[in-house]
Amino acid sequence: MQRGSRSLRQGSNIGWTSSKMLFYEADDLLDGITYEATRLELETEPGISINKVRKFFSPSNSFEKEMEVKLEEILEKLEYLVKQKDALCLREGTGGKPSSHRGPTTSRVDESDVYGRENDKEAIMKLLLSNDANGNNLRVISIVGMGWVGKTTIAQLVYNDRRVKEQFDLRLWVCVSEDFDVFKITKDIFKEATSVACDDKTPNQLQVELEKQLVRKNFLLVLDDVWNEKYTEWDILRMPLKSGAPGSRILVTTRHEIVASMMSTILIHHLNALTEDDCWPLLQKHAFGGRNFNGYLHLEIWERKS
Ligand SMILES: Nc1ncnc2c1ncn2[C@@H]1O[C@H](COP(=O)(O)OP(=O)(O)O)[C@@H](O)[C@H]1O
Ligand SMILES: [Mg+2]
């Protein structure tokens, strides 16, 4: 046995490098098997194949034994890595959704803390306030950009703008985040629209009631931080929303363009990082706690030169 265990003890410091090495080992093993299979196939002439194949898989075949030992070793190492992963509280993932430690967002924002973004805000405002010439009563507009770039902040700015308050009968803010639970989101929309608890309602009652609440209302619904890529879920969610007045809008924030496309977005606003000029006052604020910056003028000159 003990080949595998020995390797594990030697490799007590198994980490990322070890995972990669393990991958290469598994890859080598597969190469070996493929090579042996090909060799056997080439050697195998019609008429003598059965015996050769039997021989290959027989317990006395040394190649097979060797492969078995290697496979056991790899499995043992994999088990060890899985235990390490659990001990370190690491999560499996596709590289897509990072675990979010941010709580649910709300529409509240301190505008004096927000720098730049005037152009982005105005571009989105234009899309929200524009007349709906083709009678489409459920326009979806998406803000797409990487995490922390400021999508939610822009949505908050827009949501609290005076012109938006004047234009829409209802403004609804729902933080969707990782779980696209249609029932839960519908509940939140209902509560936002009515300020009435609805926890005892069935999904059907909820949808019917929400539809009634929104009839001929001009609403703006913000769906913040959407990850869902399944069209069917989205289709169910938007069913009661269609009763709103023409001119109603859904503003989505998401990291992925594919999510925006799936939601029949008519326009995507790509949000890029803040410009250097906008970052500078932000840095001043966080680095110097909003104190007078005059004493650090040399830093500004240095920063701007570099
Ligand atoms: N223009 C800005 N000026 C100042 N702070 C900002 C600005 N945009 C975003 N932030 C701050 O950066 C952080 C991430 O912004 P957020 O809007 O939540 O990003 P996203 O929704 O893209 O993940 C928040 O703490 C937010 O207050
Ligand atoms: Mg966000």
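Where does each of 186-193, 139-146 land if you order them by average Cβ count within 10 Å, highest first?
On the way: 186-193: 19.8, 139-146: 21.5.
My ranking of the peptides, most packed first, is 139-146, 186-193.
Based on the alpha carbon coordinates of the stretch 111-274, what radius of gyration and maximum Cα-Cα distance (Dmax) apply, in Å?
15.1, 45
If each of Ser112 and Trp148 carries a label point 7 Å out from its Cα toward its Cβ, how far apart are those two points in nm?
Those two pseudo-labels are separated by 2.6 nm.
Compute the accessible area per residue over the stretch 111-274, keeping the other protein chains in place, probe 1.4 Å, unit Å².
47
Keeping the other protein chains in place, figure out the carbon and sulfur percent of the accessible area of the stretch 111-274, with a 1.4 Å probe.
Of the solvent-accessible surface of the stretch 111-274, carbon and sulfur hold 48 percent.
If amide H atoms are built 1.01 Å from N in the plane of the peptide, which residues on other chains or at least 5 residues away come under 5 Å of the amide H of Cys175?
Asp224
In whole Hz, with x marking every Gly and Pro, tabulate ³J(HN,Hα) for the stretch 64-76 from phi via Karplus 6.51 cos²θ - 1.76 cosθ + 1.60, θ = phi - 60°.
For the stretch 64-76, the Karplus curve yields 4, 4, 4, 4, 4, 4, 5, 4, 4, 4, 5, 5, 4 Hz.
What list of ³J(HN,Hα) couplings, whole Hz, do you get for the stretch 194-202 from phi and the Karplus terms 6.51, -1.76, 1.60, once you set θ to phi - 60° and write x for glycine and proline?
Calculated HN-Hα couplings, in order: 10, 6, 10, 5, 9, 5, 8, 7, 7 Hz.
So if each residue of separation counts as 0.36 nm, and I subtract the Cα-Cα distance between Lys65 and Phe183, what length gain in nm does that give?
Values: separation 118, 0.36 × 118 = 42.48 nm, distance 5.47 nm.
The Lys65-Phe183 span can extend by a further 37.0 nm.
For the pairs Lys126/Lys201; Lys165/Lys201; Lys165/Lys191; Lys165/Lys242; Lys121/Lys201; Lys77/Lys230, note any where the Cα-Cα span goes beyond 28 Å.
Flagged as over cut-off: Lys126/Lys201; Lys165/Lys201; Lys121/Lys201; Lys77/Lys230.
Between Ile143 and residues 5 or more places away or on another chain, which pairs have amide H atoms under 5 Å apart, with H built 1.01 Å from N, and which residues are they?
Val252, Thr253, Thr254, His269
How charged is the neighbourhood of Phe168? Take every other residue with its Cβ under 10 Å from the Cβ of Phe168, and add Lys/Arg as +1 and Asp/Glu as -1.
Details: positive: Arg163, Lys165, Arg171, Lys217, Arg249; negative: Glu166, Asp169.
Its environment carries a net charge of +3.
The values are calculated or read from the model by the stated rules, or taken from the named source; none is laboratory data. Predicted model only: the values in this text are computed from it and were never measured. Neighbour counts run over all protein chains shown; Cβ positions are idealised from the backbone, glycine included. The area values use the complete protein model at the heavy-atom level, side chains included, leaving out ligands, DNA and RNA. Shrake-Rupley method; radii C 1.70, N 1.55, O 1.52, S 1.80 Å.
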